[in-house]
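Worksheet for the structure shown next.
The values are calculated or read from the model by the stated rules, or taken from the named source; none is laboratory data. All values reported here derive from a predicted model rather than from experimental measurement. Ideal geometry is used to build each Cβ from the backbone, glycine not excepted, and the neighbour counts take in all protein chains shown.
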């Protein structure tokens, strides 16, 4: 049976599933319930200076799909609103009671070295396994010179990281903001400051929807609202890309990564690990479905690893990174063509409508004498764009079949059709 245990920058855990710094890790009661359910670790909700932050009501909103499925989750909640000492006492007690679980403490303080130097010994005294620097909170803290206000300035990221490495022996994980043009810049800065790892992504600036009668966005605080932090399954594609960008950047390729962003099941976790993550952090899925979801996550990942012959997490960590490249290095001679399985086709016509109206008119609608419809791919018109496969409601009814072009690999810099081709 697969071994799910990890050793992430010296932080050991029985499995890679950690709860992210958020409401689920705000107090000992929650964390203990999480550990009882089987989570491998937690990142304790962000601690700060006293007096603690003051939150508003309400705090959450959502972007819904069909049947009120929560696709994306928005929050305007700040860091912990409990005193520093209460948090420190609870962290101490939890770590003592659960020595085999990872307990990382998230921190956010002003950009003053003495503030960090003062709190770090207190964190060490709790027995915590590491610290995570919250450089990502996009609301309520940037105007105080914290959160995303730090994460968006690589020089600040490097400076504060170096302070922390100076004043603590604990592993330092830098949590990066996605609200930036190029995530590689702060990642490089974190590494330059001595960071042991980075974690990403933090939440994305967002407004989910409005009350058009009151003309106020959600979550509404009286008659006003503000942008919040967006998370949940909708941000997973953005998070995967940013993780991959850091993992394949020559300057940060060896930097350990804790993956965050829309992880809802074992497959999501496996994808993050394959693109560079050594641990994964979950928040929204736990808030929507409860802590017991980790049982399916562990079981699913273990079964998949057994099926693939992966004995440990390390066996497939970063395995997809070499296959992730820039567009210009893709094979210009590779070609796929759509194929419709007529036995599975339900004749809904969605593929035809999508292709006819918005793509390449590569699907024919055929009607026989009895009025029965059939949809067939016009191979000479198909460019292999995948739109028909995506719109089809029946899984594996439409597949993309590779074609033998008889041509060798050729990238865009070498393509004679490129006016700036690097022809030899």
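Within the option set 62, 53, being part of a loop (DSSP other than H, G, I, E, B) and either crowded, with 17+ Cβ neighbours inside 10 Å or out of contact with any helix residue (DSSP H, G or I) (no Cβ under 8 Å at 6 or more places or on another chain) (or both) holds for one residue only, 53.
Any residue at all in the stretch 150-157 that is assigned to a loop (DSSP other than H, G, I, E, B) and either more than 20 Å from the chain's Cα centre (by Cα) or farther than 15 Å from residue 107 by Cβ (or both)? Scanning the stretch 150-157 turns up at least one residue that is assigned to a loop (DSSP other than H, G, I, E, B) and either more than 20 Å from the chain's Cα centre (by Cα) or farther than 15 Å from residue 107 by Cβ (or both). Looking at this structure, is residue 46 at pLDDT 95 or above, outside any helix (DSSP H, G or I) and more than 30 Å from residue 308 (Cβ to Cβ)? Answer is yes for this residue. Only one entry in 169, 165, 175 is surrounded by fewer than 20 Cβ atoms within 10 Å (Cβ to Cβ), touching a strand residue (DSSP E or B) at 6+ places or on another chain (Cβ under 6 Å) and modelled with pLDDT of 95 or more, namely 165.
Yes or no, residue by residue, for (1) under 30 Å from residue 198 (Cβ atoms); (2) in contact with a helix residue (DSSP H, G or I) (Cβ under 6 Å, 6 or more places away or on another chain):
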residue	(1), (2)
278	yes, no
308	yes, no
317	yes, yes
350	no, yes
356	no, no
361	no, no
367	no, no
376	no, no
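Residue count for the stretch 87-103, restricted to those that are assigned to a helix (DSSP H, G or I), surrounded by fewer than 16 Cβ atoms within 10 Å (Cβ to Cβ) and out of contact with any helix residue (DSSP H, G or I) (no Cβ under 8 Å at 6 or more places or on another chain): 2.
Scanning the stretch 406-424 for residues that are modelled with pLDDT of 90 or more and surrounded by 10 or more Cβ atoms within 10 Å (Cβ to Cβ) yields a count of 10. Which ones in the stretch 158-182 are within 21 Å of residue 121 (Cβ to Cβ) and in a helix (DSSP H, G or I)? Passing the criteria: 159, 160, 161, 162, 163, 164, 165, 166, 167.
For the stretch 114-149, the candidate set comprises residues that are buried (at least 20 other Cβ atoms within 10 Å of the Cβ) and part of a helix (DSSP H, G or I); within that set, the residue that is nearest to the chain's Cα centre (by Cα) is 148.
I'd like to know if the stretch 191-203 contains one or more residues that are part of a helix (DSSP H, G or I), assigned by TED's automatic domain parsing to the domain that holds residue 236 and either modelled with pLDDT under 95 or crowded, with 20+ Cβ neighbours inside 10 Å (or both). Checking the stretch 191-203: at least one residue is part of a helix (DSSP H, G or I), assigned by TED's automatic domain parsing to the domain that holds residue 236 and either modelled with pLDDT under 95 or crowded, with 20+ Cβ neighbours inside 10 Å (or both).
What are the residue pairs meeting all of these: first residue in the stretch 240-256, first residue in the same structural domain as residue 276 (by TED's automatic domain parsing) and in contact (Cβ under 8 Å) with a residue 60 or more places away in the chain, second residue surrounded by fewer than 24 Cβ atoms within 10 Å (Cβ to Cβ) and in a loop (DSSP other than H, G, I, E, B), Cβ atoms under 7 Å, and 6 or more apart or on different chains? Going by the 7 Å Cβ cut-off, the qualifying pairs are 244/324; 246/252; 246/255; 247/253; 247/318; 248/324; 256/9; 256/196. Taking the numbered list (1) modelled with pLDDT under 95; (2) exposed (fewer than 13 other Cβ atoms within 10 Å of the Cβ) in turn, residue 358 passes all entries but (1).
Report whether or not residue 45 is surrounded by fewer than 22 Cβ atoms within 10 Å (Cβ to Cβ) and farther than 20 Å from residue 238 by Cβ.
When the stated conditions are applied, residue 45 does not pass them.
Select from the stretch 380-400 the residues that are more than 30 Å from the chain's Cα centre (by Cα) and exposed (fewer than 14 other Cβ atoms within 10 Å of the Cβ) and list them in ascending order.
Correct list: 380, 383.
Screening residue 157 on (1) over 21 Å from residue 184 (Cα atoms); (2) in contact with a helix residue (DSSP H, G or I) (Cβ under 6 Å, 6 or more places away or on another chain); (3) crowded, with 24+ Cβ neighbours inside 10 Å shows it passes everything except condition (1).
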